[in-house]
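Before any comments, here is the structure.
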Amino acid sequence: MTIDTLADFFMPEDRKHGEGLFGNEAVSIASASDTQAYAYVKASGAPRVSFAAKDITSSSFQADCTCTSAKKGKLCKHIWATLLKLEAIGSDFLAYKSLIEKAPAKPESAASLAAKARQAEYKQQRKDQNKARNKKIRRDKKQATSMAASAYPDEVEEALTYFSVNGFEFSHPLQVEDISTARKILTRVFHPDNGGSHTEMLTLNKNHDVVAAYLG
């Protein structure tokens, strides 16, 4: 059979990107049988795709992928690319298949839950400390007694304040290595893959780039 009957389960943009992956021969089938199939995709994050059906005559099967989109419950481009590859090699897995379902999310491991708990605890500590530090920073600015503070342009001062409220006080003169180390450590906290968000990463990178450009 063709996989045309499965196309409607995917967003048009995912089909388009999946076709691109297939056309670039990015999909490698690790194994395929009447009821199961596994594939690797040469793409960011090295996603792995898996299919499973109850038996060869089943009209439905479950699909899963290790990418971020699939973890959010979406039938992703990697899954579509793998279907195209199975069709191209004439896999028996696709026989009778007309319904595709996203595999249910697997329970998070104890290690993953513990890591998220540590991230939440870290953020709460930063939030509590920020209140006290912000008060101190505002007071110090009013007093204008720090020669180092008056030595930098306003945008650099704002960036240094950002790092300060997130636990990094830099000595004078500023060092590129210190700024880079601070960004590396905060990336472990603010990156989406570690429990952070896209906005937090944009803010971190923006403030790092301001100081780095100043030190240029």
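The values are calculated or read from the model by the stated rules, or taken from the named source; none is laboratory data. This one's a predicted model, so the numbers in the text were calculated from it and none came from an experiment. Virtual Cβ from ideal backbone geometry, glycine too; neighbours counted across all protein chains shown.
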Filter pass, Ser69 being among the polar types (S, T, N, Q) and within 18 Å of Arg15 (Cβ to Cβ): yes
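Going through the range 154-196 one residue at a time, which ones are assigned to a loop (DSSP other than H, G, I, E, B), of a type in the set (Gly, Ala, Ser) and either surrounded by 12 or more Cβ atoms within 10 Å (Cβ to Cβ) or at pLDDT 90 or above (or both)?
Taking the range 154-196 first, the residues assigned to a loop (DSSP other than H, G, I, E, B) are 166-175, 191, 195-196.
From the residues that got through so far, the ones that are of a type in the set (Gly, Ala, Ser) too are 167, 171, 195-196.
Of everything in the range 154-196, those that are assigned to a loop (DSSP other than H, G, I, E, B), of a type in the set (Gly, Ala, Ser) and either surrounded by 12 or more Cβ atoms within 10 Å (Cβ to Cβ) or at pLDDT 90 or above (or both) turn out to be Gly167, Gly195, Gly196.
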Just to be sure I understand, how many residues within the range 23-45 are surrounded by 12 or more Cβ atoms within 10 Å (Cβ to Cβ) and either among the hydroxyl-bearing types (Ser, Thr, Tyr) or closer than 16 Å to Trp80 by Cα (or both)? 15
Qualifying positions in the range 43-71 - touching a Leu at 6+ places or on another chain (Cβ under 9 Å) and over 16 Å from Ile100 (Cβ atoms): Ala43
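Can you find, within the range 9-34, the residue that is farthest from Phe61 (Cα to Cα) among those that are part of a loop (DSSP other than H, G, I, E, B) and out of contact with any strand residue (DSSP E or B) (no Cβ under 7 Å at 6 or more places or on another chain)? I'd like the intermediate steps shown before the answer.
First, the residues of the range 9-34 that are part of a loop (DSSP other than H, G, I, E, B): 10-11, 24-26, 33-34.
Still in the running and out of contact with any strand residue (DSSP E or B) (no Cβ under 7 Å at 6 or more places or on another chain): 10-11, 24-25, 33-34.
On the way: Phe10: 15, Met11: 18, Asn24: 26, Glu25: 24, Ser33: 13, Asp34: 11 Å.
Ranking the qualifying residues of the range 9-34, first place goes to Asn24.
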May I ask you to list the residues in the range 77-121 that are assigned to a loop (DSSP other than H, G, I, E, B), in contact with a strand residue (DSSP E or B) (Cβ under 8 Å, 6 or more places away or on another chain) and of a type in the set (A, V, I, L, M, F, W, C)? Ile89, Ala103
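Of the residues that sit in the range 60-76 and are surrounded by fewer than 13 Cβ atoms within 10 Å (Cβ to Cβ) and touching a strand residue (DSSP E or B) at 6+ places or on another chain (Cβ under 6 Å), which one is modelled with the lowest pLDDT? Explain how you work it out, then say what you get.
Initially, the range 60-76 is screened for residues surrounded by fewer than 13 Cβ atoms within 10 Å (Cβ to Cβ), giving 60, 72-73.
Restricting the remaining residues to those that are touching a strand residue (DSSP E or B) at 6+ places or on another chain (Cβ under 6 Å) gives 60, 73.
Working: Ser60: 93, Gly73: 89.
Ranking the candidates gives Gly73 first.
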